[in-house]
Amino acid sequence: MPHVFVIGSKGGTGTSSVAANLARSIRLNGETSVLIELCPQNQLGVHFALPWPNVQGWAQCESFVDLAKQFYRTDSDILLLPYGQMANGITPDTLFTHLKQIELPENAWFIFDCPKTFPVFEFASRKDFIIEVSTCDPICHSILYQKYAYKNYKPIQGHYILVNKYNAQSQIEAEIFCVWQNELNQLCPLFIHFDEAIKEAPGYQNQAVQTHPGNTCRADFAKLSSWLASKVSQQ
């Protein structure tokens, strides 16, 4: 039961779109995808035509029984658990405990869309994946270097930095990416190209890998999901 935590180095790197498209790509491979939103902004549902009014979710649940009723099965056969509206419900700690009680296929992939402030390293185990989404811009470059280059950071198993919205035609992006390849040990060997389909897909309340089957990002996410699957098999 692989767990993938998708979190951004900063706001605006595209964590929700990465989580949504990765979940869809895994489902296209015949695996079960369970997509869980940990961000109170409730933007993940935009990718799956989740109705805006009266959005329920795990945040207002008080018990395991309530939680089990909040899963939404998308048209693409992905189990989606929205965040919902903040209330006096369960906490993330309790959420993870309850998730273990829900009957799902043993090979199900759990993908968590995390806000930037989520303490992901406290919840992830050694067998889990932490996909830190970054963009090749000076701000992300500064953030990553402060966190991982100047403090003798020791890479954590399963933690990878994924470059998203990469534009090879941009000189500064190409230069930053080259530096990261040489100096960031936890840089993911794959990246997601900049693609207009990523922007357009939420307008159709869908995922880019589904609405534009012949585009670049579909191939990128297919490679990413296959790479993660190979990592799981190595475990």
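Bear in mind these aren't lab numbers, they're just calculated from the coordinates by the rules spelled out. Keep in mind that this is a model prediction, so the values were computed, not measured. Here the Cβ is made from the backbone with ideal geometry for all residues, glycine too, and neighbour counts use every protein chain on show.
Worth a mention:
- Cα-Cα pairs of the chain separated by more than 22 Å (percent): 51
- For the chain, a simple Cβ point-charge model (Lys and Arg +1, Asp and Glu -1, everything else neutral) yields a dipole of about 340 debye relative to the Cα centre.
- Inter-label distance, L104 to A174: 4.1 nm, where each label sits 7 Å from its Cα along the C-beta direction.
- Three principal axis lengths of region 107-235 [C-alpha, angstrom, descending]: 43, 42, 28
- Principal axis dimensions, region 86-183 - Cα atoms, whole angstrom, descending: 49, 29, 28
- Each of T15, T94 has some number of other Cβ atoms within 10 Å of its Cβ, and from fewest to most they run T94, T15.
- Note on region 14-150: Rg/Rh from C-alpha atoms, Kirkwood Rh, equals 0.98.
- When the charge dipole of the chain is built from unit charges on Cβ atoms (+1 for Lys and Arg, -1 for Asp and Glu) and taken about the Cα centre, the candidate among P92, I192, F123 whose Cα reaches farthest toward its positive end is F123.
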